[in-house]
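Here's the structure, in structure tokens; my notes come after.
The values are calculated or read from the model by the stated rules, or taken from the named source; none is laboratory data. In this text the structure is predicted, and so the values were computed from the model without any measurement. Neighbour counts are summed over all protein chains in view; Cβ atoms, including those assigned to glycine, are modelled from backbone coordinates with ideal geometry. Please note that ligands, DNA and RNA were not included when accessible areas were found on the heavy atoms of the full protein model with its side chains. Shrake-Rupley method; radii C 1.70, N 1.55, O 1.52, S 1.80 Å.
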Amino acid sequence: ADGNKEKPKQKAKGEDDSRGVDPSVKKKQKIVKDKAKKKKKEKEVDVDSNSDEDKVIFKALLAEIIMKKRVIRGKIIKESWMEENGLTALMNLIKRQKWEKLFKKRELMHVAACKEFHKNLTVTVSKKKEVGRSSVRGVTIELDGMILAGILGIPRNNGICEYIKDVCEESTYCKPLEITKKFANDNLITVARRVKSTEMKLFQRLLHFIVMKNVILRFGKRDTTSFMDLTYVDHLLMRRLVNLPRVMLRHMAYVISVHYHELSYGDWLTLVFEAYKVPLLDKQGEETKSYDLFEETFLSMCQLKRK
């Protein structure tokens with residue numbers, strides 16, 4: 001009877017089928033099929049992610065974002081005030097870099113021109129040189145470290161100009177664990193981590209603020225530190241040279257590539273515009289306010305009030 005027929009034996013897991021196909025062959029066949037499916041799926045996409053059309057769209061969106069960004073300026077640091085308030089040692093570190101004249105300048109900030117400069121800016125970055133090209137109101141501007149140093153009135157040097165984007169990236173100059181120990185003031189630390197400003201000594205905090213507001217300029221809370229910030233703070237403390245013009249060009253290159261960073265060096269760009277004879281239509285510009293002065297920040301950090 002049909003009910004007494006023997007049921008065919010099921011193949012054991014991993015056993016070859018009746019045709020004797022080797023498992024390794026079947027695996028290769030599956031890989032080929034998967035690749036075919038992937039290619040088919042890619043063909044169904046209308047516009048490739050690297051197509052010229054996509055690049056144009058992305059560039060237009062980025063330009064729109066840049067025009068909506070805020071333009072910020074550095075803090076004004078007056079040598080006379082620093083010396084009167086017992087900050088001669090801090091001022092000497094600035095003078096070691098020959099930045100004292102630049103840091104005390106009070107330039108009008110031309111916001112519209114700054115935005116147009118960043119919107120049209122492209123920066124080529126290499127180990128030896130950075131070249132920035134832009135145009136403002138029909139005037140072509142080309143900058144490298146040498147040209148920018150001349151415009152800003154600061155000397156050229158072969159100092160550090162690394163731009164460390166990664167949170168914990170070790171390099172020739174940046175040693176995350178050493179930096180953590182030094183600025184957290186704790187030699188028992190075994191793992192690199194972000195240092196809180198409350199762990200730092202007041203002198204270190206003041207120098208970090210100068211780096212954050214005048215060197216790698218950005219808007220943010222002064223209690224936030226990064227390994228890049230503290231690498232530059234360490235160099236300043238050790239009286240090693242920093243190549244500010246090259247740092248500026250690298251920072252501007254990064255700022256125009258992301259949506260969340262403000263447009264930096266607003267007042268110093270006025271010097272660039274004047275050097276290239278850019279017609280500044282908004283001749284009045286934005287003047288400096290009390291919060292643009294380093295002394296106001298110093299008083300608030302020390303929890304003091306102006307008399």
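Here are some notes:
- For the criterion of being over 19 Å from Phe273 (Cβ atoms), open to solvent by 50 Å² or more (accessible area, probe 1.4 Å) and touching a residue at least 24 places away in the same chain (Cβ under 8 Å), Lys119 fails.
- Residue match in the range 136-150 (condition: surrounded by 13 or more Cβ atoms within 10 Å (Cβ to Cβ) and assigned to a loop (DSSP other than H, G, I, E, B)): yes
- When Ser134 is tested against (1) modelled with pLDDT of 95 or more; (2) under 19 Å from Val211 (Cα atoms); (3) of a type in the set (S, T, N, Q), just one condition goes unmet, and that condition is (2).
- Only one entry of Tyr254, Tyr260 meets the criterion of being without any contact (Cβ under 8 Å) to a residue 24 or more places away in the chain and out of contact with any helix residue (DSSP H, G or I) (no Cβ under 9 Å at 6 or more places or on another chain), and that entry is Tyr260.
Yes or no, residue by residue, for (1) more than 19 Å from Leu217 (Cα to Cα); (2) surrounded by fewer than 19 Cβ atoms within 10 Å (Cβ to Cβ); (3) touching a residue at least 60 places away in the same chain (Cβ under 8 Å):
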{"position": "Ala60", "(1), (2), (3)": "yes, yes, no"}
{"position": "Gly74", "(1), (2), (3)": "no, no, yes"}
{"position": "Glu79", "(1), (2), (3)": "yes, yes, no"}
{"position": "Lys104", "(1), (2), (3)": "no, yes, no"}
{"position": "Cys114", "(1), (2), (3)": "no, no, yes"}
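- Residue, farthest from Trp268 (Cα to Cα), within the range 85-102, restricted to residues that are open to solvent by less than 70 Å² (accessible area, probe 1.4 Å), outside any helix (DSSP H, G or I) and modelled with pLDDT of 95 or more: Gln97
- Meeting the requirement of 1 or more residues that are among the small types (Gly, Ala, Ser) and open to solvent by less than 10 Å² (accessible area, probe 1.4 Å), no helices (runs of 4 or more DSSP H) wholly within the range 179-291 can be named.
- Selection status of Lys127, in a loop (DSSP other than H, G, I, E, B), more than 27 Å from Glu287 (Cα to Cα) and among the basic types (Lys, Arg): yes
- The range 183-196 residues that are of a type in the set (Ser, Thr, Tyr), paired with ones that are surrounded by 12 or more Cβ atoms within 10 Å (Cβ to Cβ) (beta carbon under 8 Å, 6 or more apart): Thr190/Leu177
- Residue check for Tyr276: among the hydroxyl-bearing types (Ser, Thr, Tyr) and under 19 Å from Ile160 (Cβ atoms): no
- The range 123-132: number of residues that are over 11 Å from Arg250 (Cβ atoms), of a type in the set (D, E, K, R) and surrounded by 14 or more Cβ atoms within 10 Å (Cβ to Cβ): 0
- Test: residue in the range 15-35 that is modelled with pLDDT of 70 or more, open to solvent by less than 80 Å² (accessible area, probe 1.4 Å), assigned to a loop (DSSP other than H, G, I, E, B) and not aromatic (Phe, Trp, Tyr): no
- Being in contact with a helix residue (DSSP H, G or I) (Cβ under 6 Å, 6 or more places away or on another chain) and more than 25 Å from Ile65 (Cα to Cα) is a property that does not hold for Asp234.
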